[in-house]
1. For Gly25, indicate whether it is at pLDDT 90 or above, in a helix (DSSP H, G or I) and either surrounded by 20 or more Cβ atoms within 10 Å (Cβ to Cβ) or of a type in the set (A, V, I, L, M) (or both).
2. For region 32-50, indicate whether the set of residues that are touching a residue at least 24 places away in the same chain (Cβ under 8 Å), surrounded by 15 or more Cβ atoms within 10 Å (Cβ to Cβ) and over 17 Å from the mean Cα position of the chain (by Cα) is non-empty.
3. Considering only region 51-151, give the helices (runs of 4 or more DSSP H) lying wholly within it that have at least 1 residues that are touching a strand residue (DSSP E or B) at 6+ places or on another chain (Cβ under 8 Å).
4. If Ile171 satisfies every condition in (1) in a helix (DSSP H, G or I); (2) among the hydrophobic types (A, V, I, L, M, F, W, C); (3) surrounded by fewer than 20 Cβ atoms within 10 Å (Cβ to Cβ); (4) free of Cβ contacts under 8 Å to residues at least 60 places away in the same chain but one, which is the exception?
5. Please determine, by comparing only the residues of region 75-105 that are surrounded by fewer than 19 Cβ atoms within 10 Å (Cβ to Cβ) and hydroxyl-bearing (Ser, Thr, Tyr), which one is modelled with the highest pLDDT.
6. From the list Gly72, Gly19, exactly one residue is in contact (Cβ under 8 Å) with a residue 60 or more places away in the chain and surrounded by 21 or more Cβ atoms within 10 Å (Cβ to Cβ). Which is it?
7. Out of the residues in region 95-137 that are without any contact (Cβ under 8 Å) to a residue 24 or more places away in the chain, of a type outside the set (A, V, I, L, M, F, W, C) and in contact with a helix residue (DSSP H, G or I) (Cβ under 8 Å, 6 or more places away or on another chain), which is nearest to Gly164 (Cα to Cα)?
8. For the structure I just gave you, tell me whether Ile117 is on the phi < 0 side of the Ramachandran plot, surrounded by 14 or more Cβ atoms within 10 Å (Cβ to Cβ) and of a type in the set (Val, Ile, Thr).
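The values are calculated or read from the model by the stated rules, or taken from the named source; none is laboratory data. On a predicted model such as this, the values are computed, not experimentally measured, just so you know. Every residue, glycine among them, receives a Cβ derived from its backbone with ideal geometry; neighbour counts consider all protein chains shown.
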Amino acid sequence: MEPAIKILIYIHAFFGGIGLITGIGSVAVKKGSNLHKRMGKLFSIGMLTSSIISLIICWIPNHQNIFLFLIGLFTIYLVVSGNRALTFKHKLKADLTDKVISGIMLLFSVIMILLGIYCQLNNITNGILFIFFGGFGFYMSYKDFIFFKNLLETNKSWLSKHIGKMVGALIASITAYIVAGLGIGSVIAWITPSILGTFYIIYWNRKTEPKTKSRAINQI
């Protein structure tokens, strides 16, 4: 059994590595270029495959880890939701799939927060991580529903949503490399990439907002 698990872990790491490399590459190249799109597809494939395998590993005896399981779900949400954000460039209404994806993430975010509170109250390690990532997930999925509700007014922000979700998935990949690859498992190692990535997302949101506004003005 253990050799089979090791193979799964190697496959998980391989696709995670693909996600990490192509994710960094897609950030580095010109946004919207063919190279960016190709790297983005490879990034999505790598991250989804790696995350799905991690969900399996986290339930295998002697490898159970509810926190990594929930982080895997969070990563899948970010990649899927980030790709679906591109569809709002042309559509004016969120469909059932969009709502289900965000709804599931909202539910699991609440579970993460509650688990974090329980861990903190009972002096169980990593409670703060549950709260931190659960809070992030709750905020992002809640914002999804606000976006869906006011779609006619907010659909021009599809690009910022795409960037935010995909960069979030890249942050997850970098965090996994630091924690699992380099063996640095401190709270700082878990949280720092998210904090730095948030500044990067804010930068791109501000960079894309003026273009969105100017286009809206030109259409009036």
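1. Working: at pLDDT 90 or above: yes; in a helix (DSSP H, G or I): yes; either surrounded by 20 or more Cβ atoms within 10 Å (Cβ to Cβ) or of a type in the set (A, V, I, L, M) (or both): no.
No; evaluated as a whole, the condition is false for this residue.
2. Looking for residues that are touching a residue at least 24 places away in the same chain (Cβ under 8 Å), surrounded by 15 or more Cβ atoms within 10 Å (Cβ to Cβ) and over 17 Å from the mean Cα position of the chain (by Cα), one finds none in region 32-50, hence no.
3. Per the criteria, no element qualifies.
4. Only one criterion is unmet by Ile171, namely (3).
5. Thr97
6. Values: Gly72 fails: in contact (Cβ under 8 Å) with a residue 60 or more places away in the chain.
Answer to the check: Gly19.
7. Thr97
8. Details: on the phi < 0 side of the Ramachandran plot: yes; surrounded by 14 or more Cβ atoms within 10 Å (Cβ to Cβ): yes; of a type in the set (Val, Ile, Thr): yes.
Spelling it out, Ile117 is indeed on the phi < 0 side of the Ramachandran plot, surrounded by 14 or more Cβ atoms within 10 Å (Cβ to Cβ) and of a type in the set (Val, Ile, Thr).
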